[in-house]
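The values are calculated or read from the model by the stated rules, or taken from the named source; none is laboratory data. None of the values given here were measured: they were computed from a predicted structure. Glycine also receives a Cβ, built like all others from the backbone with ideal geometry; neighbour counts cover every protein chain displayed.
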């Protein structure tokens, strides 16, 4: 089924449409492998669309039942602990902050790259750092700028997902002083920003950008958060912001005078 830049009803946005396509294709693959029905790519678009709409109903049922968070990563093999640690080190050496989804995806890519390098007789002790950096850079580049640009409605939907994710993470949303963002209050006695150390953080997302973390003041510097522009990605962002507020993650703004 060809990709749609602005999928219409019954899909809320392009991200929901793409999730439904993935689920429909996976269901058709199971049917093809077990019953001999046509493969997904062999179906004409008019035969694919009913499957995509049916998959959309499954996705919304998962969300209504609270199951979507548990199901998000089940379609991919768990990466090795070695790959996870290597990717985390590579991400820590990069600018920006990396969500769980991105780290897992990069670690799976690293496992594949390492297996290929090993088959070709390369010394992994020498190659692994470079491969980890390549995997991290390759995956994060997918979440830097959307292609094509998202719509205003899509941005507004993502901001609603983010506000819900902040609440679920135990954070308090507050008036946002930056454009296209959602702000959270600081944690008393832990971390705060601004000249009087009473200002919290905000996260923005624009038509042509990924998630951007900033101090909740106009003109504050930005730090990229690499995470999918989806409901699950908003959860990743909320977790990172919570960890910054609680001091689990180093303060990305204090070295810049904020």
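Couple of notes before you dig in:
- Residue that is farthest from the chain's Cα centre (by Cα) [pool: residues in region 109-128 that are at pLDDT 80 or above and either closer than 25 Å to residue 223 by Cβ or outside any helix (DSSP H, G or I) (or both)]: 110
- Among the numbered conditions (1) over 23 Å from residue 218 (Cβ atoms); (2) modelled with pLDDT of 90 or more; (3) under 15 Å from the mean Cα position of the chain (by Cα), the only one that residue 155 does not meet is (1).
- Residue that is surrounded by fewer than 20 Cβ atoms within 10 Å (Cβ to Cβ), modelled with pLDDT under 95 and either closer than 28 Å to residue 62 by Cα or out of contact with any helix residue (DSSP H, G or I) (no Cβ under 7 Å at 6 or more places or on another chain) (or both), where the choices are 210, 194, 233: 194
- Any hit, region 99-109, residues being within 26 Å of residue 12 (Cβ to Cβ), assigned by TED's automatic domain parsing to the domain that holds residue 235 and touching a residue at least 40 places away in the same chain (Cβ under 8 Å): no
- Test result for residue 158, outside the structural domain of residue 213 (by TED's automatic domain parsing), surrounded by 18 or more Cβ atoms within 10 Å (Cβ to Cβ) and not in a loop (DSSP other than H, G, I, E, B): no
- Check on residue 242, in a loop (DSSP other than H, G, I, E, B), in contact (Cβ under 8 Å) with a residue 12 or more places away in the chain and surrounded by fewer than 23 Cβ atoms within 10 Å (Cβ to Cβ): no
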